Amino acid sequence: MTVLPWPAHEQPARSLTDADWRRLERHAGEILAAFGMDLHTPGTRETPARFLRALYDATAGYDGDPKLLTAFPAEHGGEPSGMVLEGPISFHALCEHHALPFHGAAHVAYVAGSEIIGISKLTRIVRLYSRRFTVQERMGEQIADALVELIDPRGVAVQIEAAHLCTQMRGVSEDGSRTATTFWRGLFIEDADLRREFLLQIR
């Protein structure tokens, strides 16, 4: 087992004092009341606090995940290996443009080099970057790059399909549309047959 020095470049975990929470709760209450919520009913008195806690939990990806920091020697002894594919991995994220949710599923694959990563870690990578204010395109790039940084595989493929509430609840008010994005690294860029195999497997 190898302990990895990743992600050294990530920002430190968030830290809010009790005073910070009280101040933010007042601001949240002011916004909710201005938009029409009656904050003086049994069901809504604690809504500003619950809203803040839900938002904090939904963005827990900023705190990192120390359980990602391990890798293992590959079983194939350095010889060419097949594709490891995990998915669909469900996720919920918050769009950084409107702070509204988008949700869907990711498929993540890699061709191992000298190291492998536990299957559950692929889910952890997706959750790490989805639990933030983000956009689907950046999220896919970050998942692919994180896997490259963690174990330096021969190739990485990431496919994300999601529904965006910012287009369903407002604006053009689309209903039922989904956005699909794919991201390639290493062998998946070079080998069209490998890309086809990945896309066939996830469909």
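Relative contact order for segment 55-163: 34 percent, from Cα pairs under 8 Å spaced at least 6 residues apart, divided by residue count. Gaussian network model of the chain, Cα springs within a sub-10 Å range: biggest mean-square fluctuation belongs to which of MET37, MET83, MET169? Taking springs between Cα atoms under 10 Å, the residue moving most is MET37.
Give, rounded to the nearest 20 debye, the magnitude of the charge dipole that the chain has about its Cα centre when Lys and Arg contribute +1 at Cβ and Asp and Glu contribute -1 at Cβ. Roughly 560 debye for the chain.
Less than 11 Å Cβ to Cβ from VAL148, Lys/Arg counted +1 and Asp/Glu -1: what total charge do the surrounding residues give? Could you put the intermediate results ahead of the total?
Details: positive: ARG154, ARG185; negative: GLU141, ASP145, GLU149, ASP152.
Spelling it out: positives minus negatives among the neighbours equals -2.
Among residues other than MET37 whose Cβ falls under 13 Å from its Cβ, what is the net charge (Lys/Arg +1, Asp/Glu -1)?
Values: positive: ARG45, ARG50; negative: GLU30, ASP38, GLU46.
Here the count lands on -1.
Take each peptide in 138-151, 175-188, 89-102, count the other Cβ atoms within 10 Å of every residue, and average; sorted highest first, the result is 138-151, 89-102, 175-188.
Multiply the residue separation of VAL84 and GLU137 by 0.36 nm, subtract the distance between their alpha-carbon atoms, and state the gained length in nm to one decimal. Don't skip to the end; give the middle numbers.
Values: separation 53, 0.36 × 53 = 19.08 nm, distance 2.23 nm.
Full extension of this stretch gives 16.8 nm more.
When shorter helices are ignored and each DSSP H run of at least 4 residues is given -39500 (n - 2.57), the per-residue value for the chain at 222 nm works out to -11500 deg cm²/dmol.
Read-outs throughout are calculated quantities, based only on the coordinates presented, and are distinct from any laboratory measurement. Remember, it's a predicted structure, so these values are computed and weren't measured experimentally. Ideal geometry is used to build each Cβ from the backbone, glycine not excepted, and the neighbour counts take in all protein chains shown.
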